[in-house]
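Taking it in order: structure first as structure tokens, then the write-up.
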Amino acid sequence: MTFEHLIQLIRKHYFPKKMNKYLSSKLKIISFISMILVVFLHSYNITVSFNSGNLLFNKGYNFIIQNFFYQGITRVAVPMFFIISGYLFFIKLKGNTSEFVLKYKKRTKSLLIPYLFWSVWSLLFLLILQIFPISKNFFTNELIVNYSSTKLLNTIFLNPIAYQLWFIRDLIVIVLFSPIIYWFIVHLRFIPLLLLFIIWVGFFNFNFYIFSNESIFFFCLGAYLAIAKSNLLLQTRFRKHYWIYALLWIIFVSSEVILIYFHPECSKTTTILHKIGILTGITTIWSSYDFFKINKNYHCKILFNLASFSFFLYAFHEPLLTIIKKGLFFITGKNEPMALAIYFLAPTLTIFISILVGYYIKRITPKFYKLISGGR
């Protein structure tokens with residue numbers, strides 16, 4: 001057998017067929033659902049910083065309910081994004097150098113340019129708010145006008161004011177290593193994934209530093225599904241057991257919250273429950289979509305239209321969410337019932353405002369919207 005025949009055999013065995021319309025729609029809707037979860041994740045207000053001091057709610061029903069979502073339900077969102085990103089990056093890739101060069105060019109438009117724009121935007125937005133005395137009082141950290149040149153560059157390129165951009169930052173770095181990831185998966189199959197899983201779970205203390213353990217594991221999981229298990233995501237048989245996954249998800253999340261509340265010293269057990277909860281939650285969301293979409297023939301054009309604003313919502317929701325959250329505390333008072341109400345109200349208002357702003361920007365200046373949303 002010649003080397004060319006071997007390559008063709010590997011490609012025939014590993015590479016997926018073109019993604020069908022159902023899977024494409026599924027990824028779009030699940031991405032939007034995950035984005036909604038991210039906004040609620042960032043609405044966590046057990047600790048809120050004001051100039052007058054920190055507001056802390058570390059006991060009571062508010063703590064339990066918020067942590068049920070913060071430590072549990074919403075935590076599946078980021079892993080889901082990385083899985084989808086890895087899958088879409090490798091779905092039709094055959095390993096040619098020209099393909100990776102083309103991927104880099106596309107990711108420059110879809111990742112790097114939006115990253116820099118929204119990083120600078122969040123910096124300027126807060127700078128303007130810090131000029132006015134009435135809004136200046138809400139800021140507890142160092143004012144932007146006092147930043148050194150080094151800190152200013154660091155804020156723009158590495159640690160943006162809009163902290164949610166860490167996802168794109170990690171994704172940019174991981175994409176640079178995509179040829180290496182491809183080689184490992186093609187030749188070693190699940191072995192690299194197993195090692196990354198062990199690191200992610202935390203069985204031993206190791207950190208990649210240039211990207212998080214979570215981001216590289218789930219991106220490579222998506223890559224593995226695209227390269228080695230191309231037909232797995234096309235199957236819908238898992239929908240029959242969605243309720244079992246959902247029940248297990250609730251059990252794991254509830255157990256984690258109970259431990260956090262009553263036995264905070266059991267950090268290792270909590271971490272394990274947290275990781276299992278994430279995996280169970282991903283399975284639940286994935287299978288639930290198939291159940292409701294197929295069994296009930298559910299179609300919703302409004303939901304698909306809203307899903308087109310997923311990236312804009314991701315980029316725009318902070319620091320807007322923090323401003324709304326602190327503003328609501330300032331208006332309503334700082335007590336436990338209001339803290340819980342604000343946890344749900346602030347992200348709801350943020351999502352509505354973000355999509356509304358995105359809609360009008362897209363309608364008035366579609367080319368600009370396309371630029372800042374990475375062509376999405």
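Of all lysines in the structure, those lying under 21 Å Cα to Cα from Lys334, and not within fewer than 8 positions of it along the same chain, are Lys59, Lys136, Lys325, Lys326. Taking a sphere under 15 Å around the Cβ of Thr332 and counting the other residues whose Cβ falls inside, with K and R at +1 and D and E at -1, yields a net charge of +2.
Using only Cα atoms, find the angle between the long axis of helix 336-364 and the longest principal axis of the chain, and express it within 0 to 90 degrees, rounded to the nearest 10. Between helix and principal axis, roughly 60 degrees.
With the charge dipole of the chain set up from +1 on Lys and Arg Cβ and -1 on Asp and Glu Cβ about the Cα centre, the Cα lying farthest toward the positive end among the listed residues Ile64, Thr271, Thr74 is that of Thr74. For the peptides 207-213, 120-126, the ranking by mean Cβ contacts within 10 Å, running from highest to lowest, is 120-126, 207-213. Compared with the dominant Cα axis of the chain, that is its longest principal axis, helix 113-129 is turned about 0°. Near Ser49, the amide H atoms lying under 5 Å from its own belong to Leu55; only residues 5 or more places off or on other chains count, and H is placed 1.01 Å from N.
The order of the peptides 70-78, 180-188, 99-107 by mean Cβ neighbours within 10 Å, most packed first, is 70-78, 180-188, 99-107. Let a ≥ b ≥ c be the square roots of the eigenvalues of the Cα gyration tensor of the chain; is it rounded (a/c under 1.5), or, if not, prolate (a/b larger than b/c) or oblate? The shape class here is prolate.
Under a Gaussian network description of the chain, with springs only between Cα atoms under 10 Å, the residue in Ile244, Ile46, Ile83 that fluctuates furthest is Ile244. For the range 174-189, 3J(HN,Hα) computed residue by residue from phi via the Karplus equation (6.51, -1.76, 1.60; θ = phi - 60°) reads 5, 4, 4, 9, 4, x, 5, 4, 4, 4, 4, 6, 5, 8, 10, 6 Hz, glycine and proline entered as x.
When each of the peptides 127-134, 271-278 is scored by the mean number of other C-beta atoms lying within 10 Å of its residues, the order from highest to lowest reads 271-278, 127-134. Taken about its Cα centre, the range 71-160 carries a charge dipole of about 440 debye when Lys and Arg each add +1 at the Cβ and Asp and Glu each add -1 at the Cβ. Around the Cα centre of the chain, unit charges on the Cβ atoms of Lys, Arg, Asp and Glu (plus for the first two, minus for the last two) sum to a dipole of about 1580 debye.
For the chain, the longest principal axis of the Cα atoms and the long axis of helix 213-227 meet at an angle of about 30 degrees. When the chain is described by a simple charge dipole with +1 on each Lys and Arg Cβ and -1 on each Asp and Glu Cβ, the residue from Asn141, Leu196, Leu306 located farthest towards its positive end is Leu306.
Here, each number is a calculation from the coordinates, and none is a lab measurement. Note that the structure is predicted; figures quoted are calculated from it, not measured. Using ideal geometry, Cβ is built from the backbone for each residue, glycine included, and neighbour counts are taken over all protein chains shown.
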